Amino acid sequence: MKEYKLFVQRIGLVGITNILISLSSLILLPVLSKNLSIQDYGIWGMFNTTITFVPLLVNLGLPYSMVRFLAVKHDKSEIREEFYSISLLMLFMGIIAALVLLLFSKPIAVKIFAGNVTVAMLLAASVLVFIVYNSFATYFRTFQQMKVFSLLSLLQVYSMVAVIILMIGFGYKIDGVVFGYFVSQIIVALIAIAFAVRQVGIKFPRFKNIKEYLSFGIPTVPGNLSSYMVEFSDRYVIAILLGTAFVGYYNPGYTLGSVLTMFAAPFSFLLPSLLAAYYDKNNIDEVKIHLQYSLKYFLLITIPAVFGISFLSKPLLVILSTQEIALQGYLVTPFVALGALLFGIYGIISQILVLEKKTKIIGYLWMITAVINLGLTIMLVPHFGIIAAAISTLIAYIFACVITIYYSLKYIKFEFDLKFTFKSIIASILMSLLIILINPNNILGIIITIAVCSAVYLVIILLLKGISPDELTFFKKLAGK
């Protein structure tokens, strides 16, 4: 019970952190969409999309290897050796990636940045900084130092927000915004390095176990790239087929829907190292319990959130962006929100395949999923516009989720509370009727609606006995402490 309590506390800490991180994107949304042209806002969307793509390609899956193998280590010299083996190899790959991006900055600028070469050059430098930060931040995630990890994550995001707002305030446009991003990331990367070095020290490694880490990590690269393509390829297709301006219409609705990934993030961060520790001790019952309750509490929060954000998408986008963007993109949000729910389910259940070292299955799955998504997007976007991109992504997530459940449960079966899921859907539908009845159209009305509907949902869940008395008592005690 003590270990489960600690797990829930860490989930809560990372959950709060990710709520704050998600709010940062909503803070930036009106600042950028109301001060940049549609085309420049589209460039910003493409920059953010690309800055997450390149590291997935060049880090060779090594962050996953760090989490999987170092979490069970206790000897400090061994940790130091293996940590620096991974970090220096990631740095080397980051330097190569930055040089390639710099070399091809002009054609990249023409294809995805509407000819803005400055942004393309800053992309190269930003990728290198991002990779360095990621290698050191992963250290704290690996050893469950959630307070430090959460602090770094918040610093990374809100320093970026502060600098970008400052650049906008001084009258800079997209070039200044991207430069502000770059400067803020350097500062946070240096802080992460200082924190990690203070704990682990400094050593030039012998790279003695790097082959094992590469053999685990590299098979995850096709899957991670394909997963990325499912999530972000729509932006590239829209930019190429419809123009960068349409990315500006699409991105706010997508950003609003993808806010729900904040509910999945705590489980994605904490489960890999936690489950690995239980699994390596052959404590399969604890693995099953953590999977079961992780899935239940993820659905408890996320199902009503999907309904709520779908019905509130139009008034929220009017407030956060412009009337023009809201009318163009509000229908994107429900499909993205439902996709975020499915991706969260996948993220929890796929931990079984990671534990069993069946990362090839994940790789093949996401390659097929990416082909399905890209094919549908290319075929449908020219005829049905940006809404087709969101629908294609949702179809891809449905496929990935179903196949992952099928293969994962072959190795470790755990109880899936189907009755609770139905109760949560019923409570969410009744809650949504209240949203339609209130029909808020300003920020105060939306806040009141969210508060009232959250309370109504919780009452209905309790009346339907979706949460047991023991679970409710546990959370009351936890909240009290």
query: Does K288 count as modelled with pLDDT under 85 and over 15 Å from the mean Cα position of the chain (by Cα)?
result: yes
- request: Report whether or not L437 is in a helix (DSSP H, G or I), at pLDDT 90 or above and loosely packed, with under 13 Cβ neighbours inside 10 Å.
  value: yes
query: If we keep just the residues of the stretch 226-252 that are small (G, A, S) and touching a Phe, Trp or Tyr at 6+ places or on another chain (Cβ under 6 Å), which is surrounded by the most Cβ atoms within 10 Å (Cβ to Cβ)?
result: G248
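Here is a yes/no grid of residues against (1) on the phi > 0 side of the Ramachandran plot; (2) in contact with a Leu (Cβ under 6 Å, 6 or more places away or on another chain); (3) of a type in the set (G, A, S):
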{"site": "F311", "(1), (2), (3)": "no, no, no"}
{"site": "A326", "(1), (2), (3)": "no, yes, yes"}
{"site": "Y346", "(1), (2), (3)": "no, no, no"}
{"site": "G363", "(1), (2), (3)": "no, no, yes"}
- prompt: Of all residues in the stretch 110-129, which are part of a helix (DSSP H, G or I) and either modelled with pLDDT under 90 or polar (S, T, N, Q) (or both)?
  reply: V110, K111, I112, T118, S126
query: So which of S313, S294, S408, S350 is closer than 28 Å to I38 by Cα, crowded, with 22+ Cβ neighbours inside 10 Å, in contact (Cβ under 8 Å) with a residue 40 or more places away in the chain and of a type in the set (S, T, Y)?
result: S313
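Residue-wise test of (1) touching a Ser or Thr at 6+ places or on another chain (Cβ under 8 Å); (2) in a helix (DSSP H, G or I); (3) among the aliphatic types (A, V, I, L, M).
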| site | (1), (2), (3) |
| --- | --- |
| V148 | no, yes, yes |
| G176 | no, yes, no |
| A194 | no, yes, yes |
| K208 | yes, no, no |
| L214 | yes, yes, yes |
message: I want to confirm something. Restricting to the stretch 404-460 and keeping residues that are out of contact with any helix residue (DSSP H, G or I) (no Cβ under 9 Å at 6 or more places or on another chain) and of a type in the set (A, V, I, L, M, F, W, C), which single residue is nearest to T359 (Cα to Cα)?
response: L418
- prompt: Residues in the stretch 370-391: is at least one touching a Ser or Thr at 6+ places or on another chain (Cβ under 9 Å) and in a loop (DSSP other than H, G, I, E, B)?
  reply: no
message: Take L155 and tell me if it is surrounded by fewer than 19 Cβ atoms within 10 Å (Cβ to Cβ), modelled with pLDDT of 85 or more and in a helix (DSSP H, G or I).
response: yes
- prompt: Among the residues of the stretch 41-95, which ones are among the charged types (D, E, K, R) and part of a helix (DSSP H, G or I)?
  reply: R68, K76, E78, R80, E81, E82
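Residue-wise test of (1) at pLDDT below 80; (2) under 30 Å from N116 (Cα atoms); (3) open to solvent by 40 Å² or more (accessible area, probe 1.4 Å); (4) not small (G, A, S).
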position: T142; (1), (2), (3), (4): yes, no, no, yes
position: V148; (1), (2), (3), (4): no, no, no, yes
position: G171; (1), (2), (3), (4): no, yes, yes, no
position: D175; (1), (2), (3), (4): no, yes, yes, yes
position: Y181; (1), (2), (3), (4): no, yes, no, yes
position: A189; (1), (2), (3), (4): no, yes, no, no
position: A192; (1), (2), (3), (4): no, no, no, no
position: I202; (1), (2), (3), (4): no, no, yes, yes
position: I218; (1), (2), (3), (4): yes, no, yes, yes
task: Please work out which residue is farthest from T142 (Cα to Cα), limiting yourself to the stretch 53-70 and to residues that are surrounded by fewer than 23 Cβ atoms within 10 Å (Cβ to Cβ) and touching an Asp or Glu at 6+ places or on another chain (Cβ under 9 Å).
output: F69
- prompt: Only one residue in V188, V197 is β-branched (V, I, T), over 30 Å from Y364 (Cβ atoms) and touching a helix residue (DSSP H, G or I) at 6+ places or on another chain (Cβ under 7 Å), so which one is that?
  reply: V188
- line: Reported set for the stretch 106-137 where residues are closer than 20 Å to I95 by Cα, touching a residue at least 40 places away in the same chain (Cβ under 8 Å) and open to solvent by less than 10 Å² (accessible area, probe 1.4 Å) is V119, L123, S126, V127, I131, S135, A137
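The values are calculated or read from the model by the stated rules, or taken from the named source; none is laboratory data. No experiment lies behind these values; they were computed from the predicted model shown. Cβ: placed from backbone, ideal geometry, glycine included. Neighbour counts: every protein chain shown. For accessibility, only protein heavy atoms count, side chains too; no ligands or nucleic acids. Shrake-Rupley method; radii C 1.70, N 1.55, O 1.52, S 1.80 Å.
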